[in-house]
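Q: Attaching a single structure in structure tokens format; questions to follow.
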Amino acid sequence: MAGKPRLSGALSALQALGVPNAEKQASAYAERKQERLEELIDAGAVSAFPDAIRFVKAIMALGWPIAVASSSKNANGMMTRIALDEQHTLLDAFDANVCGRDLREGKPNPEIFLLAAGELPAAPAHCFVVEDAPAGVEAARAGGMVALGVARLGDAASLWRAGATLVVTSLDEVSIDKLSRGQLDRVSI
């Protein structure tokens, strides 16, 4: 949940729901949630936002190296179920993959993004991170990277507060032309 490791994400979810004794129930909840998620992945019942697929394809067309970085141990399984075209999955789009690795700290620590940049290889100052969680935006900024916030849940204010350079509700709002020239901005209307 929100870029946090499984157990701390489960605890955060239970606390947000006001569940009494959340600390005692977090482990069992995390296990049940994981089992259900694995069932959904195995059934192919996962999808990506269409604008995210278009965005990844646009970045690929620029010839830029792309990394994927998620604290989720389920990310790889999900991405292998999402087709980019007839021969490639979403996972195939990435030059570096640091999903599901055991890290010392979760976000907002920048470790995951610095690891991804190192595996591309790319200097952090030449990287931008697409994030939907404030902790992820904070991690990108702490790592010296530009942060593009995607506010799909009406949480734009929290992404701005976390330090996002730009916040959009859809990746279709990002100008690929301007991005190709090193400027993170919206499509001009």
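The values are calculated or read from the model by the stated rules, or taken from the named source; none is laboratory data. Every value quoted in this text rests on a predicted model; they were computed, and no experiment measured them. Neighbour counts are summed over all protein chains in view; Cβ atoms, including those assigned to glycine, are modelled from backbone coordinates with ideal geometry.
Q: From the set of residues in the stretch 64-105 that are of a type in the set (A, V, I, L, M) and assigned to a loop (DSSP other than H, G, I, E, B), which is surrounded by the most Cβ atoms within 10 Å (Cβ to Cβ)?
A: 69
Q: A further question on this structure: Residue 172 versus (1) part of a strand (DSSP E or B); (2) closer than 16 Å to residue 51 by Cβ: which is the lone unmet condition?
A: Here residue 172 meets the rest and fails (1).
Q: Sort through 149, 143, 136, 154 and tell me the only one that's surrounded by fewer than 20 Cβ atoms within 10 Å (Cβ to Cβ), assigned by TED's automatic domain parsing to the domain that holds residue 62 and among the small types (Gly, Ala, Ser).
A: When all the criteria are applied, what remains is 154.
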